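S.K.: Here it is: the structure, laid out below.
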Amino acid sequence: MSQAPADRGGEVELLPGHATVVGDMPVRRVLPQRPRRTVGSWCFADHMGPVAVTEDGGADIGPHPHMGLQTVTWLVSGSLVHRDSLGSEQVIRAGQLNLMTAGHGVAHAEEHTGDFRGDLQGIQLWVAQPEATRHGPAAFEHHAALPRFALGSGEGTVLVGTIGDATSPARRDTDHVGAELRLLPPGAPVPLHPEHEHALVVLEGKVEVAGLQATPGMLAYLGSGRDECALAVHEPATALLLGGVPFPEPIVMWWNFVGRTRDELGEARRQWTEDDGRFGVVASGLPRIGVSRPPWE
Ligand code: MN
């Protein structure tokens, strides 16, 4: 996988994602896509659900490894339990941020909470780590409260980075930004960083941007060079804004790993398969998730 193609001068592109299933969860994968592999350092985006969750299941993903990336979990409805090989056990609810840094290696599982019943919906994102931190230790952060900003009569929440005067306390290894936008009619302009490229992922409703209608399941790529972007809605809508300085290093991505060479990815798979300790152990009742050899081996 190569880095993002050059900016196209700020024209908006609507890129349809595809439906797939992760664990028990129906998702719409909007990043990566063939014409657009990364947005800043954001390299993966799965819009999860909405899916009905009960006290016993509905959204379980067993222990699996990561390396070279941060997982950003954000729910717009419902709750989940995160468990990882650092020993973290954390319930995440709508409007809260789970940020796990894989570095050299970590494993985690996401499960039903045992008491939540209802619709679960959210987004699972990955951020590629730069060379400076990707070989480093794993880490986990939970942020129950994040800074908000006005969006006309609606409101935004900064997950990571800075929007206007609002800065998230979440760890950031590259210059990127992520925010939830809760838009109310008639919409509002959202402040952007001109040196960032940006994209919009609509989770609920419809958002009009540059005369195009962005709906769930697509990536609306906004390019760079904008200091704001006008977003229009006729009904309440929820979207994720992703942005950042285009990732400067070519990355290769396969399964749950981000690296720079296929050899690194194959080695990580071998070590997870052999359970040699690199990725640790997750205290989960679910079976470990495995994968067969990559196509190049
Ligand atoms: Mn994961």
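S.K.: For region 181-297, which fully contained strands (runs of 3 or more DSSP E) count at least 2 residues that are farther than 27 Å from A59 by Cβ? Give the steps one after another, and end with the answer.
M.R.: Numbers: elements: 187-191, 197-204, 207-209, 212-214, 218-223, 228-232, 237-244, 252-254, 257-259.
Passing ranges, in order: 187-191, 197-204, 207-209, 212-214, 218-223, 228-232, 237-244.
S.K.: Right, next: Take V39 and tell me if it is within 17 Å of the chain's Cα centre (by Cα), modelled with pLDDT of 95 or more and not charged (D, E, K, R). Spell out the reasoning first.
M.R.: Details: within 17 Å of the chain's Cα centre (by Cα): yes; modelled with pLDDT of 95 or more: yes; not charged (D, E, K, R): yes.
Yes, satisfied.
S.K.: State all residues of region 263-278 that are among the charged types (D, E, K, R) and either within 15 Å of the ligand (Cβ to nearest atom) or over 23 Å from the mean Cα position of the chain (by Cα) (or both); if no residue qualifies, say none.
M.R.: Those that are among the charged types (D, E, K, R) and either within 15 Å of the ligand (Cβ to nearest atom) or over 23 Å from the mean Cα position of the chain (by Cα) (or both): D263, E267, R269, R270, E274, D275, D276, R278.
S.K.: If you go through region 29-73, how many residues are surrounded by fewer than 21 Cβ atoms within 10 Å (Cβ to Cβ), in a strand (DSSP E or B) and away from the ligand (no atom under 11 Å from the Cβ)?
M.R.: Result for region 29-73: 8.
S.K.: Considering D175, D227, which residue is over 30 Å from R288 (Cβ atoms) and at pLDDT below 95?
M.R.: Details: D175 fails: at pLDDT below 95.
Going through D175, D227 in turn, the sole match is D227.
S.K.: Could you please find all residues in region 74-84 being buried (at least 22 other Cβ atoms within 10 Å of the Cβ), touching a residue at least 60 places away in the same chain (Cβ under 8 Å) and within 12 Å of the ligand (Cβ to nearest atom)?
M.R.: Within region 74-84, D84 is the sole residue that qualifies.
S.K.: Are there any strands (runs of 3 or more DSSP E) wholly within region 96-172 with 3 or more residues that are more than 15 Å from the ligand (Cβ to nearest atom) and in contact with a Leu (Cβ under 6 Å, 6 or more places away or on another chain), and if so which? Step through it out loud before you land on a result.
M.R.: Details: elements: 97-101, 106-111, 118-128, 139-143, 148-151, 154-160.
In region 96-172, the matching strands (runs of 3 or more DSSP E) lie at 154-160.
The values are calculated or read from the model by the stated rules, or taken from the named source; none is laboratory data. Remember, it's a predicted structure, so these values are computed and weren't measured experimentally. In this analysis, Cβ positions are derived from the backbone assuming ideal geometry, glycine residues included, and neighbour counts consider all displayed protein chains.
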